[in-house]
Each structure stands twice: as C-alpha cells, then as structure tokens.
Amino acid sequence: MTSSLILFDDQTANGFSPFSVSRPVGELLFGAFLLRERAEGFWGLRCSGHISREDLVGFSESGAPPVLRPAEFESKGSTILQSSRVALRGPAPDGLDRAATLFLGDAVVGWFLPPGTPLPESDFLEYPRSLPGSEQVEVAGRILDAPWDLMHWNSDQLRADIPRSFPGYAAEELPGCHILGEGLLSLGSDVSVDPGSIFDTRSGPIRLSDGVTVEAQTRLVGPAYVGEGSTILGGVLSGVSIGPVCKVRGEVEGSVVLGFTNKAHDGFLGHAYLGRWVNLGAFTTNSDLKNSYGTVRIGGPTGPVDTGLTKVGCFLGDHVKTGIGTLLNTGTVVGMGSNLFGGVMPPTNVPPFSWGSGDQLGEYRLDKFLDVAAKALARRDVILSDGMVGVLRRAWEITREERRSPE
C-alpha cells in the first residue's frame, strides 16, 4: 500500500512575503531544487498536493501539484504531511507503521498518518504540534524561518546539492573556456558554452542544466546552479541559483532567481530573491549593504523586521517589472504584480500591484495586469490558466488595503 506526500504551509510560511501571496512555499527554489522537489527526493514520493491558504486554491504551474482543500485529498494508503519550509536531508525514517510526529530538534515539521487516519485539524497545520498518542520520530535538515533564509543559506545548500545530485564534466566539452579550481563542474545535455567563458570552482561547484546557454564574457563563480533552458548573457555571477527559462546578465551575487525571469541588461543584483515572471529594466540596481554596516530591516504588511543580516538586497514577488535605471534600496520588498518606473527610488516596502514612480504609487488596474501577465506567459509558450487567473484576482483583492494611502 503506497503513501501520499502532502506539503503544508503553516502560519510562518504564509508570511513569506512577497512570494506566499501567489504561490505555496513548497514551489520556491532553494539550492538546486524547489522545496517540493527536495521533499519528494527525501521521501521517494511524488507530492500529491499542497495545503495552503484558501485563496491559493486553483494555483497551477507546469510540473507542480495543485493547492487543494484538506477535504479534497484522497489517500488509499498512509499519508506523510511535511512542512513546506523545511529542507530535510539524510535517509528518511523507515519502519513507520503507526501515527508519528516528525521532529527536527524541538520543532514539529510534520506527521506520518497510517491508512484511514484523517488529516489533522487546520489549527494543527497552522501551528504544528505533536499529535496525541503518536510516537516521536527525529529527522535532520534545516528549518527556514523567513524568506531571507532562502537567500542567506542558498550557497551552503548548493555546495551540498550539486556534488550529491549531478555528474562531473569532461574538459574537452568546453574548448576555449577557462576552468579555475578543482571543484565539480556539471553539464546537462544540449548545453552551449561560448569560448572565453570562465568557470571558477574554487569556492564551490557549478551545475549547468539541460539546454543552458552561456555566452562569451561570462564569469560564473561557484557555488552556482543554472536551471533548464536559461541563458547567461555575460557578466560576473557568483553564489547564484537561477531557475528555468531565465535570461541573466550583469553583476549578480548571492541571489536566487526562481524562474521565467529576465535580467537581460547590466546592473547589480546582490543578495536578492526574485519570483517568477519578473522583468528588470536596463541598469536596475539594488543595494545590499547599509553605509553603517548594520543589520538590515525589511518591511512588510505587519511592519519592519530585523533580519539580523548585514547583506540583504531585495525581494521581488511574481510578475514584478522595473523600468530602466530603477534603484532599489537595501532590504526593499516589492509586492507581486508591481510595475515601477521613472528612475526614482521607491519605498523599501512596495505593496502588491503598485504602479508608479518613487513614492508616487497608485494601483495597477487588475484588468490591465492580467492582460500583461497573459502576454508575458505567451512569450514563453505558457498559457495563463483559469485557475491562476482566480489566484491572481484574489491576490489583488486581499492586498487592496495595503495599497490605500493613509488619510
């Protein structure tokens, strides 16, 4: 009898702004894998779906399981529920045959439910705790407590992921290139690399996935992961995870780009996390270090939070667009669906679906946003599904109060 794997977003994951507005946290990139792919590899199971906020029901993305209501899950065997914001490692526990609570240190990160056991009540999913009468099972890994953890710990995760998951290269496959260091360089199939490219593995391994193109004048410094079908257009990139079908150029350091995003021009992107379908205008640049060298506070719907980190750039939600010359201050959060232009620095906390220049921000009309989003997806032969239209409409509605100016 087979098991089902379900990822759930707890109350903390629901606060992973600006990304959790439009997607379950399990569909965020960490290291060389989405958090959902990481859970699937750990348990050896395909994920049946996500349990998240009601307004994310209808979420759809190629290769991703749906967001479902708890009552919609059907399992003919046992069920594994795992927190979406946990990156587990090591061997999965075996011999599970009765109800168990999964602990990572002192934190509850999921449960094993034998056949016929109903899913926990919603308050257990929002605030995980031990199930009455269950045994305690220890697992190993890392708990991500905030969205900046995805950026801060990404290089460490890449150093573990790439050697464990991908094969090495044959030097003759890269004629005319310069390879520095003895670290792992891994190439997928149909990778195209121009002569004159530099791969520096002295600080970590590098993985180029299937269909990646690297143009001349590129220096890629490990640890680095470039996802399927992405193109590196030149520049210096170090300590990066770049998801599928991206175009990236310029100086990029310590950053994660989720996928289907264009940064095709020069400009600095440092210690940042970008969602899907982001487009950065030429010379868009962010700061990732305060002049005082102090820790960075980032804004959000509930107010600023001290990250405890000195290197923090920007966090851009899905479908964010910037015009040419846009400057982003240290720790800037730009809510999903926003369109910033005019070359004037915006506030450090930009509400979702904002439109404008500097602090003169209005509301991006929903009909116009959906039209542009559909066109952007079509350029990559992706259809904006009815389910995702519903998710985006609800996101626009529930964030309306954040866009209202104080009287």
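A single member of Ser209, Ser241 is of a type outside the set (A, V, I, L, M, F, W, C), in contact with a Ser or Thr (Cβ under 9 Å, 6 or more places away or on another chain) and under 24 Å from Phe19 (Cα atoms), and it is Ser241. I'd like the residue in the stretch 225-251 that is open to solvent by 30 Å² or more (accessible area, probe 1.4 Å) and outside any strand (DSSP E or B) and, out of all such residues, is nearest to Leu377 (Cα to Cα). So, considering only residues that are open to solvent by 30 Å² or more (accessible area, probe 1.4 Å) and outside any strand (DSSP E or B), the one nearest to Leu377 (Cα to Cα) is Val245. Quick check on my filter: what residues within the stretch 65-91 are surrounded by 15 or more Cβ atoms within 10 Å (Cβ to Cβ) and part of a loop (DSSP other than H, G, I, E, B)? The answer is Pro65, Pro66, Leu68, Phe73, Ser75, Ser84, Arg85. Has the stretch 335-342 got at least one residue that is open to solvent by less than 60 Å² (accessible area, probe 1.4 Å), in contact with a helix residue (DSSP H, G or I) (Cβ under 6 Å, 6 or more places away or on another chain) and closer than 29 Å to Gly270 by Cβ? Within the stretch 335-342, one or more residues are open to solvent by less than 60 Å² (accessible area, probe 1.4 Å), in contact with a helix residue (DSSP H, G or I) (Cβ under 6 Å, 6 or more places away or on another chain) and closer than 29 Å to Gly270 by Cβ.
Listed here are the residues, each with its yes/no results for (1) farther than 13 Å from Pro346 by Cβ; (2) of a type outside the set (Ser, Thr, Tyr); (3) touching a residue at least 60 places away in the same chain (Cβ under 8 Å).
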position: Asp266; (1), (2), (3): yes, yes, no
position: Leu280; (1), (2), (3): yes, yes, no
position: Leu289; (1), (2), (3): yes, yes, no
position: Ser292; (1), (2), (3): yes, no, no
position: Arg297; (1), (2), (3): yes, yes, no
position: Leu309; (1), (2), (3): yes, yes, yes
position: Gly323; (1), (2), (3): no, yes, no
position: Leu327; (1), (2), (3): no, yes, no
position: Thr332; (1), (2), (3): no, no, no
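Of all residues in the stretch 38-64, those satisfying the criterion of being of a type in the set (Phe, Trp, Tyr) and either open to solvent by less than 30 Å² (accessible area, probe 1.4 Å) or within 16 Å of Leu119 (Cα to Cα) (or both) are Phe42, Phe59. For Ser78, the requirement of being touching a residue at least 12 places away in the same chain (Cβ under 8 Å) and closer than 27 Å to Ser165 by Cα is not met. Scan the stretch 307-323 for residues that are closer than 17 Å to Ser287 by Cα and either at pLDDT below 95 or among the hydrophobic types (A, V, I, L, M, F, W, C) (or both) and the total you get is 5.
Kindly indicate the residue of the stretch 347-377 that is in contact with a Ser or Thr (Cβ under 7 Å, 6 or more places away or on another chain) and closer than 24 Å to Tyr293 by Cα and also surrounded by the fewest Cβ atoms within 10 Å (Cβ to Cβ) among those meeting that condition. Among residues in the stretch 347-377 that are in contact with a Ser or Thr (Cβ under 7 Å, 6 or more places away or on another chain) and closer than 24 Å to Tyr293 by Cα, the one surrounded by the fewest Cβ atoms within 10 Å (Cβ to Cβ) is Thr348. Restricting Thr322, Thr218 to residues that are closer than 30 Å to Leu384 by Cα and either among the hydroxyl-bearing types (Ser, Thr, Tyr) or open to solvent by less than 20 Å² (accessible area, probe 1.4 Å) (or both) narrows the list to Thr322. Of everything in the stretch 261-286, what is polar (S, T, N, Q) and in contact with a Gly (Cβ under 7 Å, 6 or more places away or on another chain)? Give them in sequence order. Across the stretch 261-286, the qualifying residues are Thr284, Thr285, Asn286. Summed over the stretch 252-262, residues that are touching a Ser or Thr at 6+ places or on another chain (Cβ under 9 Å) and open to solvent by 10 Å² or more (accessible area, probe 1.4 Å) total 2.
Set side by side, the residues Gly211, Gly204, Gly222 differ, and just one is in contact (Cβ under 8 Å) with a residue 40 or more places away in the chain and in a loop (DSSP other than H, G, I, E, B), which is Gly204. Restricting the first member to the stretch 234-257 and to residues that are more than 15 Å from Tyr273 (Cβ to Cβ), and the second to residues that are among the aromatic types (Phe, Trp, Tyr) and at pLDDT 95 or above, the beta-carbon pairs closer than 8 Å and six or more apart or on different chains are Pro244/Phe260; Val245/Phe260; Gly250/Phe268; Glu251/Phe268.
Condition check ((1) acidic (Asp, Glu); (2) within 23 Å of Leu28 (Cβ to Cβ)) across all residues:
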site: Glu61; (1), (2): yes, yes
site: Pro66; (1), (2): no, yes
site: Lys76; (1), (2): no, no
site: Ser83; (1), (2): no, yes
site: Ala87; (1), (2): no, yes
site: Gly90; (1), (2): no, yes
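So which residues in the stretch 284-306 are open to solvent by less than 20 Å² (accessible area, probe 1.4 Å), modelled with pLDDT of 95 or more and part of a strand (DSSP E or B)? The one that is open to solvent by less than 20 Å² (accessible area, probe 1.4 Å), modelled with pLDDT of 95 or more and part of a strand (DSSP E or B): Asn286.
The values are calculated or read from the model by the stated rules, or taken from the named source; none is laboratory data. Treat the numbers as computed from the prediction; the structure is a model and nothing was measured. Methodologically, a virtual Cβ is constructed for each residue, glycine included, from the backbone with ideal geometry; neighbour enumeration extends over all protein chains shown. Side chains are part of the model used for accessible areas, which takes the heavy atoms of the whole protein and leaves out ligands, DNA and RNA. Shrake-Rupley method; radii C 1.70, N 1.55, O 1.52, S 1.80 Å.
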